[in-house]
Amino acid sequence: MVSGSSSQFPLHQVLLDWIAGQSIADRAFLAAQLLHDADRAAAFGITSANVVSHLEQQLHWLRSSYAAIDRFCRTTLGWTGCSIEWLWNVGLPIAMRLSHWRQLQEPCLIVGILGGQGTGKTTLSRILTEILAVMGLCVGRLSIDDLYKTYAERQQLQQADPRLRWRGPPGTHDVELGLSVLQQLRSVSPHQPVAIPRFDKSLWSGAGDRTDPEIVTKADIVLFEGWFVGVRPIDPAAFDSAPPPIVTETDRAFARDINDRLRDYLPLWQQLDRLVVLCPTDYRFSQQWRRQAEHQMIAAGRTGMTDAEIDEFVEYFWRSLHPELFIPPLLRDPRTDLVIELSIDHQPLRIYHPISH
């Protein structure tokens, strides 16, 4: 039996005891915890009127999903396990919100997940897929990377515009392919399967190319993630006083051209029913996260970039779509449904909806 206040019983212990089959005598403490942060509660649709029923649902899904999610984190992600507090405070509430949105958007809900390098957007998508599977929902996953033009097409693109020396910026994707795939996923069935494109970054000595597609016969929810999914063009005048590394007239010309190319992606963004934004409190965290990832690869005996190469790589993307210019508008845009602010150690500091914030 677990009872008492959070000062007597830390949240993680209360939740672990619940998973182990014990009851919770005093649910008021958990209900108060769900309502404590007004912005977060509003983002997840939790009110004083529905907090009791929401709590019961969340407790049910915690007990039902924890073992599977913990096993997934250990065996697939290589972690030491799943943080039960993260699952309670972030994973489950997001999954429950997606499930709610899905009920309002049949037959298929398409959710964009925007996050810069190292924010954890792909990992979040994978964990949400596992949680939603426990809830009985089939999830299709698509990355903006899966929509890259073929190797041959990108070679031609680089010859036409040498500034596009790396894949990634607007202009290096097959937007029509993405549009077709998302439209097909809205009505996918066993009788009309959809081929979701996949991209193998290891081909052509790291330049990457299309590989065999994944065949999908059902999708209740589609998670479409990428580093600029949902990002919209801004006023070109913003580049007149843009932040570094946009410092030269050549840099500004490149940034303006990439900004123009974003217009080609607007039909793709129109397919999004919801948008989730992962936002570091400092966009420069992505540089440090990339260094950590590369250092880990080198330590594991694989090929990785030097710090100088990482800086050049990251700054290239800042020149194309600078986070200080393109992300703040989304944090105020009512078309954004959920904002998750991240600390340097990937902890969610704030979760809110732009309108209720």
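Things to note:
- Condition check for Glu214: more than 24 Å from Pro328 (Cα to Cα), in a strand (DSSP E or B) and touching a strand residue (DSSP E or B) at 6+ places or on another chain (Cβ under 6 Å): yes
Let's see how each residue does on (1) touching a Pro at 6+ places or on another chain (Cβ under 9 Å); (2) crowded, with 21+ Cβ neighbours inside 10 Å; (3) more than 23 Å from Gly112 (Cα to Cα):
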residue: Leu185; (1), (2), (3): no, yes, no
residue: Gly208; (1), (2), (3): no, no, yes
residue: Pro236; (1), (2), (3): no, no, yes
residue: Arg256; (1), (2), (3): yes, no, yes
residue: Leu262; (1), (2), (3): yes, no, no
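- Out of Leu104, Leu114, sole residue that is assigned by TED's automatic domain parsing to the domain that holds Pro334, of a type in the set (A, V, I, L, M) and at pLDDT below 95: Leu104
- Segment 176-189, residues that are under 21 Å from Gln105 (Cβ atoms) and not aliphatic (A, V, I, L, M): Gly178, Ser180, Gln183, Gln184, Arg186, Ser187, Ser189
- Scanning segment 61-100 for residues that are without any contact (Cβ under 8 Å) to a residue 60 or more places away in the chain and of a type in the set (Val, Ile, Thr) turns up Thr75, Thr76, Thr80.
- When each of Arg198, Arg141 is tested for being assigned to a strand (DSSP E or B), surrounded by fewer than 18 Cβ atoms within 10 Å (Cβ to Cβ) and within 22 Å of the chain's Cα centre (by Cα), the lone residue that passes is Arg198.
- Meeting the requirement of 3 or more residues that are over 19 Å from Pro328 (Cα atoms) and modelled with pLDDT of 90 or more, the helices (runs of 4 or more DSSP H) wholly within segment 240-309 are 249-261, 285-299.
- Taking segment 152-176 as the range and being in contact with a helix residue (DSSP H, G or I) (Cβ under 8 Å, 6 or more places away or on another chain) and crowded, with 16+ Cβ neighbours inside 10 Å as the test, the residues that pass are Arg163, Leu164, Arg167, Gly168, Pro169, Pro170, Gly171, Thr172, His173, Asp174, Val175.
- Among the numbered conditions (1) modelled with pLDDT of 95 or more; (2) more than 27 Å from Leu330 (Cα to Cα), the only one that Gly208 does not meet is (1).
- Residue in segment 161-172 that is among the polar types (S, T, N, Q) and touching a Phe, Trp or Tyr at 6+ places or on another chain (Cβ under 8 Å) present: yes
- Restricting attention to segment 305-326, the residues that are surrounded by fewer than 16 Cβ atoms within 10 Å (Cβ to Cβ) and either among the aromatic types (Phe, Trp, Tyr) or without any contact (Cβ under 8 Å) to a residue 60 or more places away in the chain (or both) add up to 6.
- Residue selection: Leu272 satisfies the criterion of being touching a residue at least 40 places away in the same chain (Cβ under 8 Å) and not aromatic (Phe, Trp, Tyr).
- Close contacts from segment 336-350, counting a first residue that is outside the structural domain of Ala41 (by TED's automatic domain parsing) and a second that is of a type in the set (Val, Ile, Thr) and surrounded by fewer than 16 Cβ atoms within 10 Å (Cβ to Cβ), with Cβ to Cβ under 6 Å and a gap of 6+ residues or different chains, come to Glu341/Thr281.
- Flag if Ala28 is farther than 18 Å from Thr129 by Cα and touching a helix residue (DSSP H, G or I) at 6+ places or on another chain (Cβ under 6 Å): no
- So Thr129, is it crowded, with 18+ Cβ neighbours inside 10 Å, within 17 Å of the chain's Cα centre (by Cα) and assigned to a loop (DSSP other than H, G, I, E, B): no
- You will find that of Leu349, Leu330, Leu278, Leu342, the residue that is under 30 Å from Leu104 (Cβ atoms), touching a strand residue (DSSP E or B) at 6+ places or on another chain (Cβ under 8 Å) and loosely packed, with under 14 Cβ neighbours inside 10 Å is Leu349 and no other.
The values are calculated or read from the model by the stated rules, or taken from the named source; none is laboratory data. Keep in mind the model is a prediction, meaning the values are calculated, not measured. Cβ: placed from backbone, ideal geometry, glycine included. Neighbour counts: every protein chain shown.
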